[in-house]
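Asks: Structure in structure tokens, see below.
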Amino acid sequence: MKLVNTIIRIGLGVMLLTFGLNKFFWFMPDFEFGQDVGATNLFQAFTDSGYMWPLVGGLEVVVGLLFIIKKAFPAALLALLPISVNVVLFHAVLNPANIAPALLVAIVNLYFIYKNWSNFRHLVQ
């Protein structure tokens, strides 16, 4: 099970690192939202703002690297939590057809928080 957890942790880290770097260097094609005009408009606002996209991308890069090298892992899990919640809510409300990857990230994040609960117990007491 430890090997499976390591593979999942590193896989999620690589995914976060890739998507985070893409927010700066645009090496992957833009995501198509189809008929979901609200999703398209919000996505465009995030990219045009010059603030939100670099903030999220930078956080994804840092969290991805921390997942890969397993340093400050509990802090990385907490930093990923608002990202994963927002991505799930974005897709649930504006683009439900593409919610599966967002749910996967959120579920893995919650799984690792559960596995490392001893690091977080004092925050909720």
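No lab work stands behind these numbers, since they all come straight from the coordinates. From a predicted model like this one, the values you see are computed outputs, not experimental measurements. Using ideal geometry, Cβ is built from the backbone for each residue, glycine included, and neighbour counts are taken over all protein chains shown.
Asks: What percent does the relative contact order of region 2-123 come to when contacts are Cα pairs within less than 8 Å and at least six residues apart?
Replies: In percent, rounded to a whole number, it is 28.
Asks: Reachable lysines from residue 2, Cα under 28 Å, same-chain residues fewer than 8 places away excluded?
Replies: List returned: 70, 71, 115.
Asks: Fewest first, what order do 105, 14 take by the number of other Cβ atoms within 10 Å?
Replies: Listing 105, 14 from fewest to most nearby Cβ atoms yields 14, 105.
Asks: For a footprinting-style exposure proxy, rank 19, 25 by other Cβ within 10 Å, fewest first.
Replies: Fewest-to-most ranking of 19, 25: 25, 19.
Asks: Can you tell me the length gained on complete extension of the stretch residue 103 to residue 79, counting 0.36 nm per residue apart and subtracting the Cα distance?
Replies: Difference between extended and current length: 7.0 nm.
Asks: Just to verify a number: FRET efficiency for residue 116 and residue 18, C-beta to C-beta distance, R0 = 30 Å, to 0.05?
Replies: 0.80
Asks: Using the basic label-point model (7 angstrom from Cα toward the beta carbon), what is the residue 41 to residue 123 distance in nanometres?
Replies: Taking the two extended label points, one gets 3.4 nm.
Asks: Let me ask something else. Let a ≥ b ≥ c be the square roots of the eigenvalues of the Cα gyration tensor of region 30-114; is it rounded (a/c under 1.5), or, if not, prolate (a/b larger than b/c) or oblate?
Replies: Cα axes put region 30-114 in the oblate bin.
Asks: Related question: As an exercise, use a Förster radius of 22 Å and the Cβ-Cβ distance of residue 86 and residue 7 to find the FRET efficiency, rounded to the nearest 0.05.
Replies: Taking R0 as 22 Å, the efficiency between residue 86 and residue 7 is 0.25.
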